[in-house]
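Asker: Okay, handing you the structure first.
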Amino acid sequence: MAAFDFDQELCDLALDQAPRVFAVAVQYEVEPGMQDGEIAAWGLAYDDGSAHVVTANGRHRLTLASPERAMWWFGREKGITTRIVWFAAPTAPAFERA
């Protein structure tokens, strides 16, 4: 029987429970026919559907019912289009060694 690998058990647990990472991108027209955009915020989406969002400049934090709610929050101004950019789930967690 193989020895129990506690470090691997913790890494598996972290992978299983990791929130999904996303960015909130905003897009707007700077002149007719010319678009520009930026990342307005970064977020973590949880299994229960909720999300924590931090503005790209780090000044504001939001706890929202869903990542889609962040699209509404950052797209309130006329002429702004928002999109969520999802990052792939991590596949190989590891301990950072000092």
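The values are calculated or read from the model by the stated rules, or taken from the named source; none is laboratory data. No experiment lies behind these values; they were computed from the predicted model shown. So basically every Cβ, Gly included, is an ideal-geometry build from the backbone, and we count neighbours across all protein chains shown. Surface accessibility is based on the protein's heavy atoms, side chains included, excluding ligands, DNA and RNA. Shrake-Rupley method; radii C 1.70, N 1.55, O 1.52, S 1.80 Å.
Asker: Which value does Rg/Rh take for the chain over its C-alpha atoms, Rh per Kirkwood?
Answerer: With Rg and the Kirkwood Rh in hand, the quotient comes to 1.15.
Asker: Nearest 500 deg cm²/dmol is fine: what mean residue ellipticity at 222 nm does the chain get from its DSSP H runs of n ≥ 4 alone, each adding -39,500 (n - 2.57), divided by its residue count?
Answerer: -6000 deg cm²/dmol
Asker: Can you work out the accessible area per residue across the chain, with the rest of the protein chains kept in place, probe 1.4 Å, in square angstrom?
Answerer: 77 Å²
Asker: With a 1.4 Å probe and all protein chains left in place, how much of the accessible area of the chain comes from carbon and sulfur atoms, in whole percent?
Answerer: Ligands and nucleic acids excluded, carbon and sulfur reach 54 percent.
Asker: On to the next question. How do VAL30, VAL24 stack up against each other in accessible area, from largest to smallest, with a 1.4 angstrom probe?
Answerer: Ranked from most to least accessible, the order is VAL30, VAL24.
Asker: Loop-only GluC sites (Glu not before Pro) in the range 1-78, please: DSSP not H, G, I, E or B, and at most 13 other Cβ atoms within 10 Å.
Answerer: Within the range 1-78, the qualifying GluC sites (Glu not before Pro) (loop, at most 13 other Cβ atoms within 10 Å) are GLU77.
Asker: For the range 53-98, treating each Cα as an identical point scatterer without solvent, what Debye log10 I(q)/I(0) comes out at q = 0.15, 0.28 1/Å?
Answerer: Here the Debye-derived log intensity ratios amount to -0.58, -1.11.
Asker: Can I ask one more? Using the beta-carbon distance between ALA18 and THR55 and R0 = 25 Å, what value does 1/(1 + (r/R0)^6) give for FRET efficiency, to the nearest 0.05?
Answerer: E(calc), rounded to 0.05, equals 0.65.
Asker: A further question follows. Roughly how tilted is helix 6-17, in degrees to the nearest 10 and between 0 and 90, from the longest Cα axis of the chain?
Answerer: Rounded to the nearest ten degrees, it is 30.
Asker: Please get the size of the charge dipole for the chain, origin at its Cα centre, with Cβ charges of +1 on Lys and Arg and -1 on Asp and Glu, quoted in debye to the nearest 20.
Answerer: That gives the chain a dipole magnitude of about 460 debye.
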